[in-house]
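Below: the structure, in structure tokens.
Any read-out appearing in this document is the output of simple, stated calculations on the displayed coordinates, not a laboratory observation. Note that the structure is a prediction, hence the values are computed from the model and not measured. Using ideal geometry, Cβ is built from the backbone for each residue, glycine included, and neighbour counts are taken over all protein chains shown.
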Amino acid sequence: MDFTKPTIEYADIWPLILVFGVACVGVVVEAFVPRQRRFLVQTVLAAAGLVAALVGTILVARDLTVHNDGAARGAIDVEGTLAVDGPAVFFWGLILVVAIGGVLLFAERRLEGGVSAFAGQAAALPGTEAERQASKSGLEHTEIYPLLMFAVFGMMLFPAANDLLTLFVALEVLSLPLYLLCGLARRRRLLSQEAALKYFLLGAFSSGFFLYGVALTYGFAGSMSYADINEAVRNDLSNQTLLLLGLGMLTVGLLFKVGAAPFHSWTPDVYQGAPTPVTAFMAAGTKIAAFGAILRLFYVAFGSERWTWQPMLWIIAILTMVVGAVLAVVQTDMKRMLAYSSIAHTGFLLTGVLGVQQASELSDGEVTSMQAVLFYLTTYGFAMLGAFAVVTLVRDSSGEASTFARWQGLGRRSPLVAGLFAFFLLSMAGIPLTAGFVGKWAVFTVALSAGAWPVVIAAILCSIIAVFFYVRVIVLMFFVDVTPDAGELASVARPSVLTSATIAVGLAATIVLGVVPGPVLTLADHAGQFLR
């Protein structure tokens, strides 16, 4: 049998290659650069690599083929395994912006007295003399930067994958570094390690479902390519059971990554136990990448089977919104509350997935499902990154303070930080003149245009519940009198320019997207639709 040399379009995928290359160079840095210099080298290397990849993504977006309707088209590259089209490049840009914010939070050292939020020596057992010596000598894990870069590479590969095998590889490359990062907290290490173990075990379980779904889908279609699967769905009605089982198991694997109910149980534990910079990066980046993969899989591979998977997503979207909103009400920890809030936002995003995909099926001025979900992910990413960045600043004598009781009266002690956090919460609640309001309006509108009005009604009711638990935190910070038995109250640490810049960018984006959403909606519209 003759061997055919594969064709790789480096000009289209070089931002991906750059991120992967920087991650590999970061591993080499760990081996050869002296320990005292690694922090600076790794931080500069990761930040420069992400900025260069973002510039490259913009250049790739400009070179995409543009048709008469103004929408970008792109190309199917690397022997059909990657689709470099408008939506993929949009997801790349959004992931890279979030990752740059993640690097800035990872590099913050002022809050912990000259060291980062990550453990000095992960191999040392919590509470042992080895751990105390590592902390006393100021050791820190600079491996977090190449791990972050590998995760970013997986995140960028995820929404661009055009066959099931590449999708699975991207899923694992994205997940494995995050499992490690979640267990590296400097303080409350047992809680952090518990979070990492839960995330790993449940993630491995969901990957098993996903891989079994890949096998069943391959058995149905005889191919792993999305285009071939779509063709088989159109023409082959004899193996409907195999198709449905494969689709269901693939869906389980992807819904786990976005934290949709009933696959959400890892989310509050991991968000609470992981180092908060990791939580911020993971909460925004993972959801952006996973929804990119979900949209491409459902719209391209299973687009012809829409009437099969749509009712399933109706149920999951409603269940996810209800679980996230109701359980957030009873939380007493800020990170767990934001985790359940994230679950509710997953339900709102799934509402947008149910909308109409093609602009030709809509009236003038109406947004497509793709446009609405892209905009919502943009607003969500900036608000979540900013909110968790603020959480890192609120501290007591034992370190980061996320318990509600510690936040009593914070608005009087530090009105600026409390006001910033309140604004991010109001955006998540969907209050008018914030980015969250426009995002919810977009996904609700596209769902209504597709006839999913029961899901929209449930979404509105859950939004009302969400307003309650967001406003409750605002009342706690500004309007609750501190009780004598409240114990130690949290104060606000002064951050370096790194964390301040992350919060400022999140704030600016949330304001601008709420007041002037048009440019980003237009950009999402120009991204067009997935290539088939």
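Tabulated values for the structure
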| quantity | calculated |
| --- | --- |
| Dipole moment magnitude, nearest 20 debye, the range 112-220 about Cα centre, only Lys, Arg, Asp, Glu C-beta charged | 340 debye |
| Dipole axis of the chain (+1 Lys, Arg; -1 Asp, Glu on Cβ), positive-most option in Ser223, Leu377, Leu498 | Leu498 |
| Residues of type lysines that Lys198 reaches as a straight line, Cα spacing below 19 Å, ignoring anything fewer than 8 places off in the same chain | Lys257, Lys287, Lys335 |
| Net charge dipole size for the chain [Lys, Arg +1 and Asp, Glu -1 on Cβ; Debye, nearest 20] | 1560 debye |
| For the range 10-526: relative contact order, % (alpha-carbon pairs under 8 angstrom, 6 or more apart) | 15 percent |
| DSSP-assigned coil residues among chymotrypsin sites (Phe, Trp or Tyr not before Pro) in the range 417-509, each with at most 10 further Cβ atoms within 10 Å | Phe479 |
| Loop-located trypsin sites (Lys or Arg not before Pro) in the range 219-303, at most 12 other Cβ atoms within 10 Å (DSSP) | none |
| Local net charge near Gly246, Cβ-Cβ under 13 Å (Lys/Arg +1, Asp/Glu -1) | -2 |
| 5 angstrom amide H check on Val480, placed H, neighbours 5+ away | Gly409 |
| Neighbourhood net charge (12 Å Cβ-Cβ; Lys/Arg +1, Asp/Glu -1) for Asp236 | -2 |
| Environment charge of Thr499, counting only residues whose C-beta is closer than 15 Å and scoring Lys/Arg +1, Asp/Glu -1 | +1 |
